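Asker: My questions will all concern the structure given below.
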Amino acid sequence: MLHIIAHLYLQDGMEEAFHAYETEALRHFRSMGGSLIAAFKPEPAPAPATAGPGPAGSGPDEIHVLSMPTRGHFEAWRGSREVTLSAEARAKVIRRAELFLSREHIVY
């Protein structure tokens, strides 16, 4: 199982358009074997904790927790015609995305 964490930074004022785009994008993601485990808007970290470099409030607008059966499934999805064709629409609503991938599940 490939675990995927996506930090999504939206274009200003595009939240509604982002949700419409993401609904369609996730349809295709699921058709390629993927699952959306959770999607949420992070709350600001309490002071003095930091969430990484940058000024307060510079964190992602949404965080998605996803999975794919394998890295090969993920690469097939990323290289698919649908993802390529939606690149322009994606750029209109998402200004930056950070992806974190892991096949390792740590149990504490």
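The values are calculated or read from the model by the stated rules, or taken from the named source; none is laboratory data. These numbers come from a predicted model, not from an experiment. We place every Cβ from the backbone using ideal geometry, glycine too, and count neighbours over all the protein chains shown.
Asker: Would you point out which residue out of ARG30, ARG81 is of a type in the set (Lys, Arg), over 16 Å from the mean Cα position of the chain (by Cα), modelled with pLDDT of 95 or more and more than 14 Å from LEU99 (Cα to Cα)?
Answerer: On inspection, the qualifying residue turns out to be ARG81.
Asker: In addition: Report yes if some residue within region 88-102 is at pLDDT below 95 and over 22 Å from LEU2 (Cα atoms); otherwise report no.
Answerer: Within region 88-102, none of the residues are at pLDDT below 95 and over 22 Å from LEU2 (Cα atoms).
Asker: Right, here's the next one. Looking at the structure I just gave you, is HIS64 modelled with pLDDT of 95 or more and either among the aliphatic types (A, V, I, L, M) or part of a strand (DSSP E or B) (or both)?
Answerer: Considered against the rule, which asks whether it is modelled with pLDDT of 95 or more and either among the aliphatic types (A, V, I, L, M) or part of a strand (DSSP E or B) (or both), HIS64 comes out as yes.
Asker: If you check ALA97 against the conditions, is it in contact with a Phe, Trp or Tyr (Cβ under 8 Å, 6 or more places away or on another chain), among the small types (Gly, Ala, Ser) and farther than 16 Å from ARG27 by Cβ?
Answerer: Yes.
Asker: Looking only at region 14-44, which residues are among the acidic types (Asp, Glu) and not in a loop (DSSP other than H, G, I, E, B)?
Answerer: GLU15, GLU16, GLU22, GLU24, listed by residue number.
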